[in-house]
Amino acid sequence: MRSLPVLSLQARGHELAAPSAQMAALERSGAPAFEEVLARHGRAPLEAHAIEVLQVNVGKLCNQTCAHCHVDAGPDRREVMSRQTADEVVELLRRHPEIPTLDITGGAPELNPQFRYLVSEACAPGRRIIDRCNLSVLLLPSQRDLVGFLKEHRVEVTASLPSFRASGTDAQRGDGVFARSLEALRLLNEAGYGGGDGLVLNLVHNPVGTFLPGDQASLERDYKRELQLRHGVVFDRLYTITNMPISRFLEHIERTGNLQRYMELLVSSFNPRAADGVMCRTYLSVGWDGTLYDCDFNQMLAMPSNHGAPQTLSALLASGSVVPRRVVTDRHCFGCTAGAGSSCAGAVAE
Amino acid sequence: MAETYYCPHDLPRFGEMGKDRPELWAKFLDYYNAVFADGALTAREKALIALGVAHAVQCPYCIDAYTQAALQNGSDREQMTEAVHVACAIRGGASLVHGVQMRNVADKVGM
């Protein structure tokens, strides 16, 4: 088995650590401008009209260095959200009780000291809080009480597991990650997660390679049967998410000579119905430093919300509203509109 | 004419078989898509069967297409290799079981 590099692109001094180099690579791939294709299908411009999900990325620190990570997260990253910025998130949610969902991501968000503060302060009747969890974090000695904390606050766990087989999961996430993920899933199941009693445990499948995800409902059937029969593990829903051609997955497809083919696949699979359901229409993404973005992918490409919308939490708190706003797009957006579409809640078009 | 009978660029041209008799192509596609839809077997299981059959009929287009379909539907190399071995075992077994015919003839005419 091939071992993954243990350092982020940034720590390796790789040129693709820079968003400008990533954008240049996508342009070199020959992919057309995203806005042109949107317009050709009568979908331009993309606009956000509501905040149904406030997605907060608390930083790039992670205990894993997965091969496809769009964040370039890892143990060597030090960008983490401060208490001051976390307080601004809490204040935004206090002022807008109509925002139904807080989605906390990273890195491994649980490693950020503000994670539990955010969960505790944002917890309100009727509000859904999602923890985007890499599973192995639950086994760290410093996180022994994490499952209990998540359960106490009825946090929904959305956990990455690209395959119900060890070889696929370990190829993407690192040697031994599948076994540790199963151990963590059992801890969650023992606490009542995934059993249909309201403690929600969802899994995320990313393709282990340069192709689109299979059918979400069909894969969910396979995952449920295989994980229960072979490992006694249960969960609620499976989300399929397309690998985004940025950061470490971009480095992978460029290094393996698949960049052009993968972009051709994404472009030729453009689905107007997926464009109708892309998450940027209903998400607002917050960076570890309080900058606002239309999605977590734009965040990693340093493309803040624009077209007149506030670009920071403090500006938003001072000035009012980020909707309606025109979404900032570029060639990476083909990743969300290909095939059945892709979002942090899985496929968006049947 | 192509220099070889098999060419990778011909796989995406499969749809050209809809020319001249489009109604037959449409019937084939309807059937084909229905066969591969989720049913009592999942799309992943059907892709694995297709991969095994592709090796049994030794179709390079099908091997290319269903290697990718099997991966896309969540199978890994170990499972796909087992599918190829199933095709191999059935092909080998099919040859071997015809040995009974050989034995029947030999029993009849031999001494």
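Results for (1) more than 19 Å from the chain's Cα centre (by Cα); (2) over 30 Å from A:ALA338 (Cβ atoms); (3) buried (at least 20 other Cβ atoms within 10 Å of the Cβ), shown as yes or no for each residue.
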{"position": "A:PRO32", "(1), (2), (3)": "yes, no, no"}
{"position": "A:ALA39", "(1), (2), (3)": "yes, no, no"}
{"position": "A:GLU79", "(1), (2), (3)": "no, no, no"}
{"position": "A:VAL89", "(1), (2), (3)": "no, yes, yes"}
Criterion (in contact with a strand residue (DSSP E or B) (Cβ under 7 Å, 6 or more places away or on another chain) and either at pLDDT 95 or above or part of a helix (DSSP H, G or I) (or both)) met by exactly one of A:GLY148, A:GLY194, A:GLY168: A:GLY194
Enumeration of residues in region A:304-326 that are closer than 22 Å to A:ARG78 by Cβ and of a type in the set (A, V, I, L, M): A:LEU313
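So is A:VAL147 under 22 Å from A:PRO75 (Cα atoms), away from chain B (no Cβ under 14 Å), buried (at least 24 other Cβ atoms within 10 Å of the Cβ) and in contact with a Leu (Cβ under 8 Å, 6 or more places away or on another chain) or not?
no
Residues to consider are B:ALA54, B:ALA69; find the one that is within 15 Å of the chain's Cα centre (by Cα), assigned to a helix (DSSP H, G or I) and away from every other protein chain (no Cβ under 11 Å).
None of the others qualify; the one that does is B:ALA54.
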Enumerated helices (runs of 4 or more DSSP H) restricted to region A:1-64, each holding at least 3 residues that are over 25 Å from A:GLY174 (Cβ atoms) and modelled with pLDDT of 95 or more: A:19-28, A:34-40
Any hit, region B:14-24, residues being under 30 Å from A:GLY209 (Cβ atoms), exposed (fewer than 10 other Cβ atoms within 10 Å of the Cβ) and either of a type outside the set (A, V, I, L, M) or at pLDDT 95 or above (or both): yes
Residue in region A:40-47 that is in contact (Cβ under 8 Å) with a residue 24 or more places away in the chain and either farther than 30 Å from A:THR210 by Cα or of a type in the set (Asp, Glu) (or both) present: yes
Out of B:PRO8, B:PRO12, B:PRO60, sole residue that is in contact (Cβ under 8 Å) with a residue 40 or more places away in the chain and within 14 Å of another protein chain (Cβ to nearest Cβ): B:PRO8
Candidate set from region A:219-237 (those that are at the interface with another protein chain (Cβ under 10 Å from one of its Cβ atoms), within 22 Å of the chain's Cα centre (by Cα) and not acidic (Asp, Glu)); member that is surrounded by the fewest Cβ atoms within 10 Å (Cβ to Cβ): A:TYR223
Near pairs, Cβ below 6 angstrom, 6+ apart or cross-chain, from region A:94-105 (farther than 15 Å from A:SER321 by Cβ) to any residue that is assigned to a strand (DSSP E or B) and of a type in the set (Asp, Glu): A:ILE104/A:ASP131
Filter result (aliphatic (A, V, I, L, M), in a helix (DSSP H, G or I) and under 20 Å from the mean Cα position of the chain (by Cα)) within region A:91-116: A:LEU111
Residues satisfying the stated conditions in region A:191-214, i.e. away from every other protein chain (no Cβ under 14 Å) and in contact (Cβ under 8 Å) with a residue 40 or more places away in the chain: A:ALA191, A:GLY192, A:TYR193, A:GLY194, A:GLY196, A:GLY198, A:LEU199, A:VAL200, A:LEU201, A:ASN202
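The values are calculated or read from the model by the stated rules, or taken from the named source; none is laboratory data. For clarity, every value in this text was computed on a predicted model and none was experimentally measured. So basically every Cβ, Gly included, is an ideal-geometry build from the backbone, and we count neighbours across all protein chains shown.
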